[in-house]
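Structure, as structure tokens:
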Amino acid sequence: MDNSGIAVGSVIGAAAVVMIVVLFVAPPESIKQNEIIDKTQISVKEEEQKTIEKTTYSTKLSLIEIFEKSEPGVLRINVQRNESQEGVNGVGSGFVFDKKGHIITNAHVVKDAKKITVTFLDGRSYNADIIGIDEFTDTAVIKVDTKNTILHPLFIGDSSNLKVGESIAAIGNPFGLSGSMSSGIISQVGRLLPSGAGYSIPDIIQTDAAINPGNSGGPLLNMRGEVVGINTAIQSTTGEFTGVGFAVPSQTIAKIIPNLIKDGEYKHPWIGISGRDIDPDTAGVLQIEDAIGFLIITVVDGSPAFDAGLIGSEKIIEENGVQYAIGGDIILAVDGIDVRKIDDILIHLQRAKSVGDEMMLEILRDGRTTNVTIVLQERPN
């Protein structure tokens, strides 16, 4: 039995979850990080704009400076899930998003909570209400009613600029130890991570910064002190950090969080297909030259793919004792972006597409390439 797994929900008191990645969204404007930015505008309601005073710096900071400037905006989140049992059932982290009391954390930190208490740097605690949850990206917004003088919003940076090997820092409450910091590097970007909601979260950041139970929901920061991700999971056989951690990127935060504040939910775009990446063996069976692209095996009835006439695999053949589905369309590109595997499709949906948008697919069918336009619908639960 394979003991490796993804512990999604580094929350003290919560059971470890082991999962296997399964197959189964316009990015924020590029943030000019070489300039000093005094404030950012974030749309929360159509009829109002809120201006949040935040400061970021054009030069790199030391770890000491990053911690001192960020710690006031990082909170401890205590969760009680059982009404009949007093005390804390789980501990996680979160960080201040704006002066109105909105706080960002993970969905798995506050899901099914009967009572949520947040504790600020100075020790003052407040009860919080859930404003919105999106399990598909493991993000959530809670809100406290307090004076804005205690609220220190952290600046949301641009995760699209991250490079493998870049130094980063994580702040949170590992094992309930409030205000702890760890550091490391970006190990990789564009990973897939199970969400616990039947779909995978695309575009995930992988880091070697220590992320342990209790860190979930805390900020991942670049060396300018900007939030580039939400710490969300570890890959471990023990439920504790072993060198691989994951964070939801700030591009996703910038797209999802304002919708959670406004509507309490985010509607994800959906295609309605399942299949497999083209590997060398599959390419040989299908008699295609390059082992790239995504083979459609199943098309869900009534889905955007179904409405657009995409074709799934019609039969199965056996080669060297291995069964292969054949006859389905092979997706080669989406909106002009080459598709090497399913990750490329899911990342494009997350970054650039919304419900109701059109998306152009270049497909290989019966040895010929053709273009098919689909209209994206809301992803079902």
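In segment 282-294 there is at least one residue that is in a helix (DSSP H, G or I), touching a strand residue (DSSP E or B) at 6+ places or on another chain (Cβ under 8 Å), polar (S, T, N, Q) and not assigned by TED's automatic domain parsing to the domain that holds ILE133. Please work out which residue is farthest from the chain's Cα centre (by Cα), limiting yourself to segment 147-160 and to residues that are surrounded by 15 or more Cβ atoms within 10 Å (Cβ to Cβ) and β-branched (Val, Ile, Thr). Among residues in segment 147-160 that are surrounded by 15 or more Cβ atoms within 10 Å (Cβ to Cβ) and β-branched (Val, Ile, Thr), the one farthest from the chain's Cα centre (by Cα) is ILE150.
Determine whether ILE234 is at pLDDT 95 or above and among the aliphatic types (A, V, I, L, M).
no
For segment 85-92, check the following and say yes or no: at least one residue is in a strand (DSSP E or B), crowded, with 18+ Cβ neighbours inside 10 Å, modelled with pLDDT of 95 or more and touching a Lys or Arg at 6+ places or on another chain (Cβ under 9 Å). No: segment 85-92 contains no residue that is in a strand (DSSP E or B), crowded, with 18+ Cβ neighbours inside 10 Å, modelled with pLDDT of 95 or more and touching a Lys or Arg at 6+ places or on another chain (Cβ under 9 Å).
Yes or no, residue by residue, for (1) closer than 17 Å to ILE66 by Cα; (2) touching a helix residue (DSSP H, G or I) at 6+ places or on another chain (Cβ under 6 Å):
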position: THR119; (1), (2): no, no
position: ARG124; (1), (2): no, no
position: ASP134; (1), (2): no, yes
position: THR137; (1), (2): no, yes
position: GLY157; (1), (2): yes, yes
position: ALA169; (1), (2): yes, yes
position: PHE175; (1), (2): no, no
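Residues in segment 164-179 include none that are in contact with a Lys or Arg (Cβ under 9 Å, 6 or more places away or on another chain) and aliphatic (A, V, I, L, M). Of the residues in segment 163-175, at least one is surrounded by 23 or more Cβ atoms within 10 Å (Cβ to Cβ) and either assigned to a loop (DSSP other than H, G, I, E, B) or not assigned by TED's automatic domain parsing to the domain that holds MET223 (or both). For segment 192-226, taking the residues that are of a type in the set (D, E, K, R) and surrounded by fewer than 20 Cβ atoms within 10 Å (Cβ to Cβ), the one that is nearest to ALA107 (Cα to Cα) is identified as ASP208. May I ask you to list the residues in segment 112-159 that are out of contact with any Pro (no Cβ under 9 Å at 6 or more places or on another chain) and among the acidic types (Asp, Glu)? ASP112, ASP129, ASP134, GLU135, ASP138, ASP145 - these are the residues of segment 112-159 that are out of contact with any Pro (no Cβ under 9 Å at 6 or more places or on another chain) and among the acidic types (Asp, Glu). Annotation: of all residues in segment 111-133 being modelled with pLDDT under 95 and crowded, with 18+ Cβ neighbours inside 10 Å, the one that is farthest from LYS267 (Cα to Cα) is PHE120. Going through (1) modelled with pLDDT under 95; (2) part of a loop (DSSP other than H, G, I, E, B); (3) farther than 21 Å from GLY198 by Cα one by one, GLY356 falls short only on (1). Within segment 325-342, at least one residue is at pLDDT below 95, surrounded by fewer than 19 Cβ atoms within 10 Å (Cβ to Cβ) and either touching a helix residue (DSSP H, G or I) at 6+ places or on another chain (Cβ under 6 Å) or more than 19 Å from LEU193 (Cβ to Cβ) (or both).
For segment 299-324, the candidate set comprises residues that are under 16 Å from LEU364 (Cα atoms), of a type outside the set (Gly, Ala, Ser) and surrounded by fewer than 17 Cβ atoms within 10 Å (Cβ to Cβ); within that set, the residue that is modelled with the lowest pLDDT is GLU314. If the condition is being modelled with pLDDT of 95 or more and either polar (S, T, N, Q) or part of a strand (DSSP E or B) (or both), then segment 145-158 contributes only ILE156.
The values are calculated or read from the model by the stated rules, or taken from the named source; none is laboratory data. Bear in mind the structure is a predicted one, so any value in this text is a computation, not a measurement. Heads up, the Cβs are rebuilt from the backbone with ideal geometry, glycines too, and the neighbour counts pull from every protein chain shown.
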